[in-house]
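What follows is one structure encoded as structure tokens, with my remarks underneath.
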Amino acid sequence: MPALVELSSRDRILRLEQQVATLTRALYGIEERLGGQTTLQDDFTQADETLTQSDAESDIPDELGPNAPAYLRSLFDNNLISTESRDAIPSKSATANALLLRKAREELRRLIPSKEDVVVIARFADRWLTTYHSLFPSRSVTQGSAELVYRHDEMMSPAVEPTKLAIWLISIAITVQQVSRDVEGQLNFIKNPTHYCKSVAETIAHTILRHDSILATMDGIETGLHFLRL
């Protein structure tokens, strides 16, 4: 039974090919009798070239027509749906995002305390960091006082990621709030812990949290979550 079905299918294909060939010859004959100067093949080729050229020139549907109202044509003839603008938007967006990150880095680096201050502050970090990671496991927040001090050199790098710097500064600010009064006098860069914490919060809110392009990244989300603890 399958063989008969296969044979029948082949017969139908052959008959279709014969019919197409017959129709093609008939059309050529009609063209010759009408005195046409071009062949069907030439007509098809010309039509294809015309369509290709038309598509390249405009994305506006033919149904609108040349006299279509401006408000209708503007739906199709705009930068948002053109090929050139789609290619240009990512590069412009990337440039703008890089500029935001550079400005954020510059602003945040001004808040990095001296390493001597970090050594003093870090003595009060272990207890709260242990509790923090038990409640809110994080891949970016430092694990303890030793890492808080160790990462100071990384934060001083001109190429440091602004979000990582922001998270580190939040950890410093949270720890500063726990420094005892008699230890505050040992700090050189941070003269007023309350004022310093306020500066860290305002700068991070202005340079990181207000920009969706930064906040939408994984590091940006972690920055926002850590910011809530400040």
- prompt: In the list ALA166, ALA205, which residue meets the criterion of being over 21 Å from TRP128 (Cα atoms) and either outside the structural domain of SER114 (by TED's automatic domain parsing) or aliphatic (A, V, I, L, M) (or both)?
  reply: ALA205
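Does SER180 fit the bill of being among the small types (Gly, Ala, Ser), without any contact (Cβ under 8 Å) to a residue 60 or more places away in the chain and either touching an Asp or Glu at 6+ places or on another chain (Cβ under 8 Å) or not assigned by TED's automatic domain parsing to the domain that holds PRO193 (or both)? Can you show your working first?
Values: among the small types (Gly, Ala, Ser): yes; without any contact (Cβ under 8 Å) to a residue 60 or more places away in the chain: yes; either touching an Asp or Glu at 6+ places or on another chain (Cβ under 8 Å) or not assigned by TED's automatic domain parsing to the domain that holds PRO193 (or both): no.
Against the criterion (among the small types (Gly, Ala, Ser), without any contact (Cβ under 8 Å) to a residue 60 or more places away in the chain and either touching an Asp or Glu at 6+ places or on another chain (Cβ under 8 Å) or not assigned by TED's automatic domain parsing to the domain that holds PRO193 (or both)), SER180 does not qualify.
Here is a yes/no grid of residues against (1) under 17 Å from GLN178 (Cβ atoms); (2) free of Cβ contacts under 8 Å to residues at least 24 places away in the same chain:
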residue	(1), (2)
LEU99	no, yes
ALA104	no, no
PHE136	no, no
ARG139	no, no
VAL149	yes, no
MET155	no, no
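Inspect region 90-105 for any residue being among the polar types (S, T, N, Q) and at pLDDT 80 or above and give the result as yes or no. Write out each step before concluding.
Of the residues in region 90-105, the ones among the polar types (S, T, N, Q) are 91, 93, 95, 97.
Cutting the leftovers down to at pLDDT 80 or above gives us 95, 97.
Yes, some residue in region 90-105 is among the polar types (S, T, N, Q) and at pLDDT 80 or above.
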query: Quick check, is ALA173 surrounded by 20 or more Cβ atoms within 10 Å (Cβ to Cβ), out of contact with any His (no Cβ under 7 Å at 6 or more places or on another chain) and either closer than 21 Å to PHE124 by Cα or among the charged types (D, E, K, R) (or both)?
result: yes
message: Conditions first: (1) loosely packed, with under 13 Cβ neighbours inside 10 Å; (2) within 27 Å of LEU99 (Cβ to Cβ); (3) of a type outside the set (Val, Ile, Thr). SER134 passes all but one, so which condition is the exception?
response: (2)
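Determine, yes or no, whether ASN188 is over 15 Å from LEU169 (Cβ atoms), touching a residue at least 40 places away in the same chain (Cβ under 8 Å) and loosely packed, with under 13 Cβ neighbours inside 10 Å.
Working: over 15 Å from LEU169 (Cβ atoms): yes; touching a residue at least 40 places away in the same chain (Cβ under 8 Å): yes; loosely packed, with under 13 Cβ neighbours inside 10 Å: yes.
Yes: the conditions hold for ASN188.
Determine which member of the set SER140, SER171 is in the same structural domain as LEU101 (by TED's automatic domain parsing), among the hydroxyl-bearing types (Ser, Thr, Tyr) and more than 25 Å from the chain's Cα centre (by Cα). Can you show your working first?
Values: SER140 fails: more than 25 Å from the chain's Cα centre (by Cα).
From the options SER140, SER171, the qualifying one is SER171.
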query: Can you name every residue in region 138-196 that is of a type in the set (S, T, N, Q) and outside any loop (DSSP other than H, G, I, E, B)?
result: SER145, THR163, SER171, THR175, THR194
query: For region 197-217, what are the residues that are part of a helix (DSSP H, G or I) and closer than 21 Å to LEU99 by Cβ?
result: GLU202, THR203, ILE204, ALA205, HIS206, THR207, ILE208, LEU209, ASP212, SER213, ILE214, LEU215
- request: Output the residue which, of all residues in region 195-230 that are over 12 Å from THR163 (Cα atoms), over 13 Å from the mean Cα position of the chain (by Cα) and free of Cβ contacts under 8 Å to residues at least 12 places away in the same chain, is surrounded by the most Cβ atoms within 10 Å (Cβ to Cβ).
  value: LYS198
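The values are calculated or read from the model by the stated rules, or taken from the named source; none is laboratory data. Keep in mind that what you see is a predicted model, and the values were worked out from it rather than measured. FYI the Cβ positions are ideal-geometry reconstructions off the backbone, even for glycines, and counts take in every protein chain you see.
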